[in-house]
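Following: one structure in structure tokens, then a few remarks.
Derivation of every value follows stated rules applied to the coordinates shown; laboratory data play no part. Please read these numbers as outputs of a predicted model, since none were measured by experiment. Every residue, glycine as well, gets a Cβ built from its backbone with ideal geometry; the counts of neighbours run over all protein chains shown.
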Amino acid sequence: MMTIATIWEEFLQIIKQEAGSRVVDTWFKAVTLREWNASHHTVTLTVPNQFVCDWIKSHYTTLMATHLSRLLHVSTVKLAFRVMDHEVAEAQLIEPVLSTSTPVVIERSAAQETRSSSVAPLVKKRSAINSTYTFETFVVGPSNSLAYAACQAVAQSPGNTYNPIFLYGGSGLGKTHLLHAIGNKVKELNPNAVVLYQTVDRFVNEFIHAIRFDKTYLFQERYKSVDLLLIDDIQFISNKEQTQEAFFNIFNTLYDCKKQIVFTSDTVPQDIKGLAERLRSRLAWGLVADLSMPSLETKIAILKKKAESSSCQGYELNDDVAHFIASQVVGNIRELEGALIRVIAFASLTGKAITLDLAHQVLGKEHTVNSSLVVDFSQVARCLGNHYPYSLQDLRSKDRNKELSFVRQLAMFFMKKLTDKSLRDIGSFLGGRDHSTVLHAIDKVQGQINNDDLLRHRLHVIEKEIISSSG
Ligand code: ADP
Ligand code: MG
């Protein structure tokens, strides 16, 4: 029996394949499937605000109706949108096209993200390098610095430092970006270099095509003629023995000729299932570097850089807005960009400036501070005083003993979390401290909570006390 949660999960997977993960992260992640009324054939969807609602309705109605009706085993579905608390009165009746001979035409965004598994095209042309994914547009932080440095090194001197490089990490953390960055840099330094970027999916498709037309020799020759081979998502080669064999061959030739090879994957080589042992060992021959979830500070830097870039029309995000968006997105960098794009799209369509209020409005009320709750700074200090031996005066003082500094950081953390005040307001309330000190404190506390169950529990109790003593 499928629950509505699993139906929605499945639906998101389909949208991801058909329209790309950027569409999912930018628009559909903000939507929840609330209810399925089988007798009225009505699907109720909750959206954070009218803007997302209108956008989804005008761009994705057919797509939604088609797939939801199929997943729910009915011929038509009505889509009812509920904008947070107040329901939108209108419900649209949509007759989806069920005949498979009339495929729905779907907008394809960010082609490099789209994995077309259902319709396997016999790709013959080489994938292009995306010129926007460069080292200059990549923000370096503790979560990716090793991978970044390694990629820089091989781009400067391909084949001579680490070979191969194996980058791994969760989805949306910058692996593909770094791969293209190497390609761009190598082309810049040596315009004659033959650079080939290929996803493993395409590699497999091409290989199958070559076998079918008896051209495996040509296929291998073509790969062996490159100077730099960038292979994305190598984990998808698992259980494909013949392709692995061909790839092994190509690898050896390139390696022996000192041609640079770079791989990405979602896990370390040891954990890729269904991989021939000898290929597995080759993958780990050079340097293996990981990309992990960025800290709050790195997320903020990414948002600012992205907003300033030409693709986002050169907006300037102030610290509070950047902090707010970064703290709302618990997911990966792609989702972070999705949230930013929603905010910028809203601002540009309504002609408003990007303020904290506007970001609250776009990213949904569920994320914002409960407006009926009025927490003020002194309440935070008072409740902390019940758990730690420090008064508000201590928190404001210049004294930096270890425990007091920690409690001061907790105060900053709660003040940001439970009020809608700015970093600057918080800093100045706590003895005229700088907003970057506040930001650093919040980041640090967040990191500690993630790693320390006891502290998390304790802070949860304190948070409840602050809330119950307020408003
Ligand atoms: P992956 O291949 O690991 O799934 P991508 O390389 O596709 O992830 O990254 C997802 C998005 O996040 C891209 O738009 C990329 O430009 C952006 N991104 C990831 N890491 C960074 C970073 N450190 N600095 C700037 N943008 C980043
Ligand atoms: Mg990728």
For residue 143, distant residues with modelled amide H under 5 Å away: 295
Which whole-Hz ³J(HN,Hα) couplings does the stretch 393-409 yield from phi under the Karplus relation 6.51 cos²θ - 1.76 cosθ + 1.60, θ = phi - 60°, glycine and proline marked x? 4, 4, 4, 7, 6, 8, 4, 10, 4, 4, 5, 4, 4, 5, 5, 4, 5
What is the stretch 145-207 by shape, rounded, prolate or oblate, if you read a ≥ b ≥ c off the alpha carbon gyration tensor as root eigenvalues and call it rounded for a/c under 1.5, prolate for a/b larger than b/c, and oblate otherwise? oblate
Looking at the square roots a ≥ b ≥ c of the eigenvalues of the Cα gyration tensor of the chain, which shape do they give, rounded for a/c under 1.5, prolate if a/b is larger than b/c, or oblate? oblate
Go ahead and collect, in residue order, the members of the stretch 132-162 whose backbone nitrogen is under 13 Å from a label point 7 Å along the Cα-Cβ direction of residue 190. 154-161
With a Förster radius of 25 Å, plug the Cβ-Cβ distance of residue 57 and residue 13 into 1/(1 + (r/R0)^6) and report the FRET value to the nearest 0.05. 0.70
Which length gain, in nm to one decimal place, applies between residue 271 and residue 42 when the Cα-Cα distance is subtracted from 0.36 nm times their residue separation? 78.1 nm
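Determine, from the Cβ-Cβ distance of residue 160 and residue 310 and an R0 of 41 Å, the FRET efficiency 1/(1 + (r/R0)^6), rounded to the nearest 0.05. Don't skip to the end; give the middle numbers.
Numbers: r = 34 Å, r/R0 = 0.83.
It comes to 0.75.
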Exposure proxy check on 395, 146, 12: fewest-to-most Cβ neighbours within 10 Å is 146, 12, 395
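Compute, for the stretch 394-471, the length of the dipole vector about the Cα centre, with Cβ point charges of +1 (Lys, Arg) and -1 (Asp, Glu) only. Units Debye, rounded to 20.
Details: 14 positive and 11 negative charges, 36 e Å.
Charge dipole, the stretch 394-471, about its Cα centre: 180 debye, nearest 20.
Quote the FRET efficiency, to the nearest 0.05, computed for residue 398 versus residue 330 with a Förster distance R0 of 30 Å and r equal to the Cβ-Cβ distance. The partial results should precede the final answer.
Values: r = 35 Å, r/R0 = 1.16.
Step by step, r from the Cβ atoms, then E = 0.30.
Obtain the radius of gyration and the Kirkwood radius of the stretch 409-471 from its C-alpha atoms and give Rg over Rh. Working shown, then result.
Values: Rg = 12.0 Å, Rh = 12.1 Å.
Answer for the stretch 409-471: 0.99.
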Percent antiparallel among DSSP beta bridges with both residues in the chain, to the nearest 5? 35 percent
Summing +1 per Lys or Arg and -1 per Asp or Glu among the other residues with Cβ less than 13 Å from residue 244's Cβ gives +2
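Viscosity 1.567 mPa s, temperature 4 °C: give me the Stokes-Einstein translational D for the stretch 370-445 in µm²/s, with Rh taken as the Kirkwood radius over C-alpha pairs.
Values: Rh = 12.2 Å.
Rounded to a whole number, D works out at 106 µm²/s.
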At residue 245 and residue 405, where each label point lies 7 Å from the Cα along Cα→Cβ, what is the point-to-point distance in nanometres? 6.2 nm
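Once you sort the root eigenvalues of the Cα gyration tensor of the stretch 212-325 as a ≥ b ≥ c, which label holds: rounded (a/c under 1.5), prolate (a/b larger than b/c) or oblate (the other case)? Show your work: numbers first, answer last.
Details: a/c = 2.95, a/b = 2.18, b/c = 1.35.
Prolate.
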Which pairs break 23 Å Cα to Cα here: 305/402; 304/444; 29/464; 185/215; 175/306? 305/402; 29/464; 185/215
Can you work out ³J(HN,Hα) from phi for every residue in the stretch 254-271, in order, using Karplus 6.51 cos²θ - 1.76 cosθ + 1.60 and θ = phi - 60°, giving whole Hz and x for Gly and Pro? 4, 4, 4, 8, 6, 8, 6, 10, 10, 10, 10, 7, 8, 9, 5, x, 4, 9
Relative packing of peptides 240-252, 453-465, 20-32 - highest average C-beta neighbours within 10 Å first: 20-32, 240-252, 453-465
If one compares the long axis through the Cα atoms of helix 333-350 with the longest principal axis of the Cα atoms of the chain, the angle in degrees, nearest 10, works out at 70 degrees
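Quickly rank 260-270, 216-226, 178-188 as a protection proxy: mean count of other C-beta atoms within 10 Å, highest first.
Working: 260-270: 20.9, 216-226: 15.4, 178-188: 22.7.
With the highest mean Cβ count within 10 Å placed first, the list reads 178-188, 260-270, 216-226.
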